[in-house]
1. Can you tell me the length gained on complete extension of the stretch H102 to L38, counting 0.36 nm per residue apart and subtracting the Cα distance?
2. Along each of the three principal axes of the Cα atoms of region 16-58, give the extent in whole Å, ordering the values from largest to smallest.
3. Apply the Kirkwood formula to the chain: the hydrodynamic radius equals the inverse of the mean of 1/r over all pairs of different alpha-carbon atoms; give it in Å with one decimal.
4. Mind checking the dipole of the chain: about its Cα centre, +1 per Lys or Arg Cβ, -1 per Asp or Glu Cβ, Debye to the nearest 20?
5. In region 1-93, carbon and sulfur make up what percent of the accessible area (probe 1.4 Å)?
6. What are the residues whose amide H is under 5 Å from the amide H of T36, where those residues sit 5 or more places off or on another chain and H is modelled from the backbone?
7. Just going by the charge dipole of the chain, with Lys and Arg at +1 and Asp and Glu at -1 on Cβ, which of L3, Y18, T36 is farthest out on the positive end?
8. Taking a probe of 1.4 Å, how large is the accessible area per residue of the chain, in Å²?
Amino acid sequence: MGLAAVAQVARIHHHTQYLRKGQVYKQTDEVVFAVTTLCPEEAGPEDLLQIARDHWSIENGQHHRRDRTQREDHCTVRDTVAARNLSLFRSLVVCLFEQQRHRKGGKKSLPDFESRNHSHPCTLIHRLTDQLQT
């Protein structure tokens with residue numbers, strides 16, 4: 001194949017739906033290729049698909065949210081301590097979003113949740129300080 005130690009190549013079709021306020025506003029289709037050193041006896045087509053799905057389940061979790069919504073990959077902070085603190089705050093935002101999302105009146109998308117709290121930060125601060133006191 002021209003790539004050292006590659007045993008298989010897999011073609012994977014991704015169909016992605018983008019949601020805003022619980023509604024699909026955009027759909028995309030993409031074909032990607034994966035290479036592996038696993039031979040067919042070690043991993044058949046179903047195994048390769050599961051490996052790819054496991055990879056994307058991580059990507060579609062917090063990392064995707066932090067990259068797309070919070071633009072973490074575009075952050076230019078170079079100080080290690082500051083970068084870690086920003087990462088902790090981003091994780092806190094995702095956690096707080098998940099806690100409120102299924103409640104009555106909760107925001108259904110992370111961008112909506114962030115927008116509400118940027119415009120009304122006192123509500124979130126009171127909620128956090130009340131939880132700390134109890």
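The values are calculated or read from the model by the stated rules, or taken from the named source; none is laboratory data. Computed from a predicted structure; not experimentally measured. No Cβ is skipped: glycine too gets one built from the backbone with ideal geometry, and neighbour counts run over all protein chains shown. Keep in mind that these areas ignore ligands, DNA and RNA; they rest on the heavy atoms of the full protein, side chains included. Shrake-Rupley method; radii C 1.70, N 1.55, O 1.52, S 1.80 Å.
1. Difference between extended and current length: 18.9 nm.
2. Principal extents (largest minus smallest coordinate, Cα): 44, 18, 14 Å.
3. 18.3
4. Working: 19 positive and 16 negative charges, 213 e Å.
In total the dipole reaches around 1020 debye.
5. On the way: 3880 of 7340 Å².
Here carbon and sulfur together make up 53 percent of the probe-accessible area.
6. The list, which skips near neighbours in sequence, is A7, Q8.
7. Looking along the dipole axis, the top candidate is Y18.
8. Working: 10270 Å² over 134 residues.
Accessible area per residue: 77 Å².
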